[in-house]
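Novice: Sharing a structure here in structure tokens format.
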């Protein structure tokens with residue numbers, strides 16, 4: 001009998017228990033042992049309460065029942081993100097989890113819309129997106145599987161209480177054999193010959209040995225940074241927001257199926273509706289506004305009574321130079337942080353875990369797997385980074401020093417090339433790997449007023465009258481579909497009640 005490979009996860013919270021639940025679900029128990037070390041003395045950041053549709057796949061993969069999850073985490077259903085005051089003060093648009101229109105005679109819908117829209121006669125492009133219209137009407141229903149139906153053209157995600165997700169996953173992981181140890185890391189022991197981590201010593205005297213270590217210790221990076229010195233690539237010159245003040249408030253009605261991001265003078269405010277409360281926060285740059293004023297802005301723009309005192313969180317945007325160093329992989333905030341603007345934090349945690357599982361070494365020489373993992377994660381972080389910078393840079397705001405700075409700052413060449421390509425003919429740069437696909441880029445480009453100089457040639461020869469009739473029919477089809485859907489509040493209540501009945 002071969003000895004089991006030992007995986008030690010250091011740190012709990014969302015990242016740690018996501019890793020534990022996934023590893024215990026996807027790796028054979030006869031070949032691996034999994035230990036998790038955490039301390040109740042160390043709090044959970046617990047800010048990221050909004051997610052992307054990819055989390056549904058993660059939950060399904062580890063065997064989570066959706067109604068049970070909704071009930072346990074006080075989750076609501078999410079169809080997109082509303083952006084207020086980003087293109088300019090007073091403007092708003094929705095980044096939906098779904099398509100804009102349909103291809104018409106070989107031309108992409110946004111090209112058709114641009115051809116018909118030199119004088120805005122075709123209206124806001126969001127009018128031709130089913131999930132946008134659902135958000136505006138406060139409606140929700142599950143997408144259909146028939147790709148021919150307009151009701152198959154969107155996905156959905158969740159808004160949930162992050163402090164409840166980790167305990168929910170802990171029950172799953174421990175039920176599948178994960179052993180939890182209470183304690184704080186006092187010392188990390190490395191092999192003299194290659195620098196690999198051999199064991200960790202805890203404050204209670206316990207010693208845990210392992211073959212692989214997963215660092216989920218948040219910004220502290222106890223293993224990846226303090227021990228292995230993996231380095232950090234600072235991106236604060238492109239993403240200057242470095243603080244957030246967060247506070248929960250009483251729930252308001254109706255519960256809307258989307259997150260809201262409202263831009264202020266030196267940052268932006270999130271509004272995340274949960275079943276039992278509202279999540280609120282103000283992300284800002286301390287170079288342009290002080291903590292007291294940032295908190296005052298948040299307090300002045302909150303719906304409902306505060307349920308706690310605001311707390312300030314500090315962060316530095318960027319990523320690890322090496323996500324995987326020696327025999328240690330960093331996951332969650334230990335691997336980097338790109339601020340919560342597009343709800344990417346939990347998704348990047350999910351990517352880190354699933355890529356580690358896929359690249360788990362089969363021999364003691366893990367250099368090839370490690371190099372591939374680092375390349376994949378670097379690419380993912382950089383593409384998310386560019387998408388976030390886009391929100392700040394493509395703006396017409398000039399009402400504060402902060403917006404003047406981000407509007408005029410030098411941006412990565414990878415992003416500038418994308419902007420130039422779209423500005424000329426409405427073409428969206430495509431790549432095989434990357435979180436945000438064409439509809440997401442379109443939502444921000446067009447939503448913030450970056451209109452192509454002219455439509456692509458694929459649409460220029462099409463008959464305007466026929467195109468106008470086609471998109472009018474689409475408008476009517478979407479309106480009819482939305483009218484038949486239940487309100488989000490009613491759908492959510494029915495799902496939670498069904499979960500209770502099943503239990």
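The values are calculated or read from the model by the stated rules, or taken from the named source; none is laboratory data. A quick note: this is a predicted structure, and the numbers were derived from the prediction, not measured. Glycine also receives a Cβ, built like all others from the backbone with ideal geometry; neighbour counts cover every protein chain displayed.
Novice: Would you be able to tell me the number of residues in segment 446-484 that are under 33 Å from the mean Cα position of the chain (by Cα) and surrounded by 13 or more Cβ atoms within 10 Å (Cβ to Cβ)?
Specialist: 18
Novice: What about residue 496, is it part of a helix (DSSP H, G or I), within 27 Å of residue 76 (Cβ to Cβ) and out of contact with any strand residue (DSSP E or B) (no Cβ under 8 Å at 6 or more places or on another chain)?
Specialist: yes
Novice: If you check 472, 429, 443, which single one turns out to be in contact with a strand residue (DSSP E or B) (Cβ under 6 Å, 6 or more places away or on another chain) and within 21 Å of residue 96 (Cα to Cα)?
Specialist: Just one listed residue meets the conditions, 443.
Novice: In segment 78-134, what count of residues is obtained for those that are free of Cβ contacts under 8 Å to residues at least 12 places away in the same chain and buried (at least 22 other Cβ atoms within 10 Å of the Cβ)?
Specialist: Residues in segment 78-134 being free of Cβ contacts under 8 Å to residues at least 12 places away in the same chain and buried (at least 22 other Cβ atoms within 10 Å of the Cβ): 0 in total.
Novice: Still on this structure, please answer the following. Looking at 270, 238, which one is outside the structural domain of residue 485 (by TED's automatic domain parsing), buried (at least 23 other Cβ atoms within 10 Å of the Cβ), under 24 Å from residue 407 (Cβ atoms) and in contact (Cβ under 8 Å) with a residue 60 or more places away in the chain?
Specialist: 270
Novice: May I pose another question? Scanning for something surrounded by fewer than 19 Cβ atoms within 10 Å (Cβ to Cβ) and modelled with pLDDT under 95, does segment 223-232 turn up at least one residue?
Specialist: no
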